[in-house]
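Inspection log for the structure reproduced underneath, given as C-alpha cells.
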Amino acid sequence: MMPPRPPRVYLVTDPSAGRGLVAHTASALRGLPPGAVAVQLRAHDATGRELLVVARALRRVVSEAGQLLLVNDHIDVALAAGADGVHLPSAGIPPGDARGLVGKGRLVAVSSHSAADVVRARDGGADFATFGPVFDTPSKRGYGAPVGLDRLREASALGLPLVGLGGVDPSNAPTVVAAGAYGVAAIRAWLGAADPGVVVQELLEATKVRER
C-alpha cells in the first residue's frame, strides 16, 4: 500500500490556538479537493494523553473534509489516532525507522533547514520535507536568519518534494512555488485569519502552477 501524495498546502497548528483549533480547522478545510491539504498537529508542551484527545478530534474533521492529518514527532499518538502520517524533527529518529513503525501506507515527513537535511531525509526514505524558514517569522528569529528563496531553489533540485515553511502567506506563496517548492506551509497565516478557508484556498491556488 502506497502512502498518499504529499500535500500541496500544509497547515501547521500552534498550541496558542487553544480550544478553538478543531472548529477553526473545520472552517479552513471546507470545499477543498480531496487530499490537497494536510494538517500537522504540533503541540510541544502537551502530554501524550492531551495530544491524543486533540488528534482524535482533528482526525474526525480532517477525514470528513477528505484531507490528511499528520502528528508531529509522536509516532504513538499518530498510530493511536489513525493519522495519515508522522512529521519528524530534523534531529528526530531517522525516517526509515519511522517507516518501520507506521508502515508503507502512511506519510513520513521531516523538517529540514539545509541541503544536508534534505539529502538525509531523501536518502532515509521520507515522502517529503518542510524547508525553512524561507522568510522572516517571529517564531524562528532566535534560530538565525531565514534561509531565503535561493537556498530553497537549490534544495528543491535534490529530488525530494519540499514544502516551503516560515513566513509564508498568500502574498508570497507564488514566489515559494516558483523557487521549486512542491507546496507551501503556513502557521500564522491560517491560524490568525478570521476566515481561514479563504486563506487556504488562496494558498492552494498559488501551488497550481506545479500541476500545469
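Taken together, the values in this text are just the output of simple stated rules run on the coordinates, not laboratory data. As the structure is a prediction and not an experimental result, all values here were calculated from the model. Every residue, glycine as well, gets a Cβ built from its backbone with ideal geometry; the counts of neighbours run over all protein chains shown.
Observations on the structure shown:
- Sorting 161-169, 53-61 by their mean Cβ neighbour count within 10 Å, with the most densely packed peptide first, gives 161-169, 53-61.
- Net charge dipole size for the chain [Lys, Arg +1 and Asp, Glu -1 on Cβ; Debye, nearest 20]: 300 debye
- Packing rank of 66-72, 24-30, 153-159, where each peptide gets the mean count of other beta carbons within 10 Å, highest leading: 66-72, 24-30, 153-159
- Cut-off under 5 Å, modelled amide H: who pairs with Gln40 long-range: Leu11, Val12, Thr13, Leu70
- The distance separating the Cα centre of the range 6-60 from that of the range 109-163 comes to 22 Å.
- CD proxy at 222 nm, helix term only [per DSSP H run n ≥ 4: -39500 (n - 2.57); per residue of the chain; nearest 500]: -10500 deg cm²/dmol
- Counting Cα-Cα pairs of the range 1-90 in 10 Å increments starting at 0 gives whole-percent bin shares of 18, 57, 24, 1.
- As a rough guide to protection, the peptides 117-126, 91-100 ranked by mean Cβ packing within 10 Å, highest first, stand as 117-126, 91-100.
- His44/Ala23 FRET efficiency (R0 22 Å; Cβ-Cβ; nearest 0.05): 0.50
- Counting charges near Gly31 (Lys, Arg +1; Asp, Glu -1) among other residues having Cβ under 14 Å from its Cβ returns a value of -3.
- Applying the Karplus relation 6.51 cos²θ - 1.76 cosθ + 1.60 with θ = phi - 60° to the range 146-158 yields 3J(HN,Hα) values of x, 6, x, 6, 5, 6, 4, 4, 5, 5, 5, 7, 8 Hz, where x marks Gly and Pro.
- Förster radius 25 Å - calculated FRET efficiency between Ala115 and Asp76 (Cβ-Cβ, nearest 0.05): 0.20
- Whether the range 58-212 is rounded, prolate or oblate, judged on the alpha carbon gyration tensor where a/c under 1.5 counts as rounded: oblate
- Using bins of 10 Å that start at zero, the share of Cα-Cα pairs per bin across the range 70-113 amounts to 34, 59, 7, in whole %.
- Remark: the range 71-76, residue by residue, has Karplus-estimated 3J(HN,Hα) of 10, 6, 6, 7, 5, 4 Hz, where x stands for each Gly or Pro and the curve is 6.51 cos²θ - 1.76 cosθ + 1.60 at θ = phi - 60°.
- Residue-wise HN-Hα coupling along the range 22-36, computed from phi with Karplus coefficients 6.51, -1.76, 1.60 (Hz; x: Gly, Pro): 5, 5, 5, 5, 4, 5, 5, 9, 5, x, 9, x, x, x, 7
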